[in-house]
Amino acid sequence: MKFQLVINMERMQPDISMDEVMRHNLKMVQVAEEGGFESVWAAEHHALEMTIAPNPFQILTWFAAHTSRIRLGTAVVVAPYWHPINLAGEAALLDLYSGGRLEFGIGSGAYQREFDRMAGGLKQTEGYKYAHEMLPAVKALWQGDYEHDGTYWKFPAATSVPKPVQEPHPPIWVAARAPITFDWAVANECNIMTWALTRPFSEVETYKQRFDDALAKHPEAQRPQFTTMRYSAVCASDDQVTAAVDACIGQLGRFQNLFKNLGGVNNGFPEVVDLGELSSRQEFSRDTLRENLVFGTPDEVISKLKRYQALGVDQFTYCASYGLGIPQQQQSLELFIKEVMPAFEDSQSQATGS
């Protein structure tokens, strides 16, 4: 099992220095590269301080200039916010600048608040239709002249300039939760990203079963990669685990606001909703979060990750961004590299054939 990093520029309150956050992110990526992480992912979000990511390609180009090996992924570009020609060219330019390190992740978007501002009020539940039309258009533009007459975009013949370095194109990733998305991803030979949020391990098992079902429906398709993400914290003591859980609860109050459109956003800072008032409130108890998320001492984290490995997860995505303080994020990542990753070195060597 290999490892990926999700790290976002995030500010939970305005007195946090933007410069400090920016430099922290780069340091985390450089530490991850030196420690053997396979890839780092950058999100796309707009007008939100808790995920400062108006263009993932800009973020990844900056990372590319200060790294040499780690792969650079978009998780994800939101199809309804882009034009196919623009998206194909931006992605290919990053692949060129990075020496062929782009992992191209595309999805339908998460927050209705953003759709109201970026896509004219389009319903978030309709976003997947744009992704389904966008991906084949981008792949065609990467190959050469192509004209498009679709439902959402129409344009005369054009091509991507530049072309990607990787042939026939960079690896493609799709964020999947519903069975229809797994089926579409496997049929189109896209790698799959999953996120069980705060739900128990059984949710990951459900996603893996949907992946296996899609593979069975498409025996002709090459098997893609299956990944899953969790908020992660490796801690030296129980007190530090408690602090990580507390930070996560604060972030989740903002995330649920955005995910379910429950509250306001003031100057980019989402209001915190009361998790205890939600129908899913049992998911957010401290004991449940400590159990379901990848929080704990090194031995606890290794034990949890062994379940993911046994399930058949190809790459585990370590999410560092959930409101934890900067020193604590750095300490956790360093402990993960030093104390946890060595327990999976045999599986990584087998995966690379070394």
Picked from segment 165-208 (must be β-branched (Val, Ile, Thr) and assigned to a helix (DSSP H, G or I)), the residue surrounded by the most Cβ atoms within 10 Å (Cβ to Cβ) is VAL186
In segment 142-164, is there at least one residue being assigned to a helix (DSSP H, G or I), more than 30 Å from SER98 (Cα to Cα) and among the charged types (D, E, K, R)? no
Between LEU48, LEU102, LEU93, LEU60, which is surrounded by fewer than 19 Cβ atoms within 10 Å (Cβ to Cβ) and in contact (Cβ under 8 Å) with a residue 40 or more places away in the chain? LEU93
Over segment 262-316, the set of residues touching a Gly at 6+ places or on another chain (Cβ under 8 Å) and outside any helix (DSSP H, G or I) is PRO270, GLU271, VAL272, VAL273, ASP274
Which pairs have Cβ atoms under 8 Å, sit 6 or more apart or on different chains, and link a residue in segment 20-40 that is more than 12 Å from ILE70 (Cα to Cα) and in contact (Cβ under 8 Å) with a residue 40 or more places away in the chain to one that is part of a helix (DSSP H, G or I) and among the β-branched types (Val, Ile, Thr)? GLU20/ILE326; VAL21/ILE326; HIS24/ILE326
Taking ASP238 as the residue in question, decide whether it is loosely packed, with under 13 Cβ neighbours inside 10 Å, among the charged types (D, E, K, R) and within 19 Å of VAL340 (Cβ to Cβ). yes
Options GLU133, GLU203; residue that is acidic (Asp, Glu), modelled with pLDDT of 95 or more and more than 19 Å from GLN315 (Cα to Cα): GLU133
I need the full set of residues from segment 148-160 which are out of contact with any helix residue (DSSP H, G or I) (no Cβ under 9 Å at 6 or more places or on another chain) and either surrounded by 11 or more Cβ atoms within 10 Å (Cβ to Cβ) or closer than 19 Å to VAL174 by Cα (or both), in order please. none
For segment 82-141, give me each residue that is closer than 23 Å to GLU38 by Cβ, in a loop (DSSP other than H, G, I, E, B) and among the small types (Gly, Ala, Ser). SER98, GLY99, GLY100
Filter segment 256-279 down to residues that are in contact with a Pro (Cβ under 8 Å, 6 or more places away or on another chain) and either acidic (Asp, Glu) or buried (at least 16 other Cβ atoms within 10 Å of the Cβ) (or both), then give me how many there are. 4
Taking first residues from segment 243-255 that are in a helix (DSSP H, G or I) and second residues anywhere that are among the basic types (Lys, Arg) and surrounded by fewer than 18 Cβ atoms within 10 Å (Cβ to Cβ), the pairs with Cβ under 9 Å that are 6 or more apart or on different chains are VAL245/ARG286; ASP246/ARG286; ILE249/ARG286
For residues that are outside any helix (DSSP H, G or I), aliphatic (A, V, I, L, M) and in contact with a Ser or Thr (Cβ under 9 Å, 6 or more places away or on another chain), tally how many sit in segment 1-53. 9
Filtering segment 63-90 for residues that are surrounded by 22 or more Cβ atoms within 10 Å (Cβ to Cβ) and within 13 Å of PRO162 (Cβ to Cβ) leaves a count of 1
Would a scan of segment 130-137 turn up a residue that is free of Cβ contacts under 8 Å to residues at least 40 places away in the same chain, more than 30 Å from GLU205 (Cα to Cα) and over 19 Å from the mean Cα position of the chain (by Cα)? no
With respect to SER332, determine if the residue is over 16 Å from LYS2 (Cα atoms) and either part of a strand (DSSP E or B) or over 23 Å from the mean Cα position of the chain (by Cα) (or both). no
Picked from segment 98-124 (must be under 21 Å from the mean Cα position of the chain (by Cα) and of a type in the set (D, E, K, R)), the residue nearest to ALA42 (Cα to Cα) is GLU103
Out of all the residues in segment 144-152, is one or more under 23 Å from GLY268 (Cα atoms) and touching a residue at least 60 places away in the same chain (Cβ under 8 Å)? no
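The values are calculated or read from the model by the stated rules, or taken from the named source; none is laboratory data. All values derive from a computational prediction rather than experimental measurement. Reconstructed Cβ throughout: ideal geometry from the backbone, glycine too, with neighbour counts over all protein chains shown.
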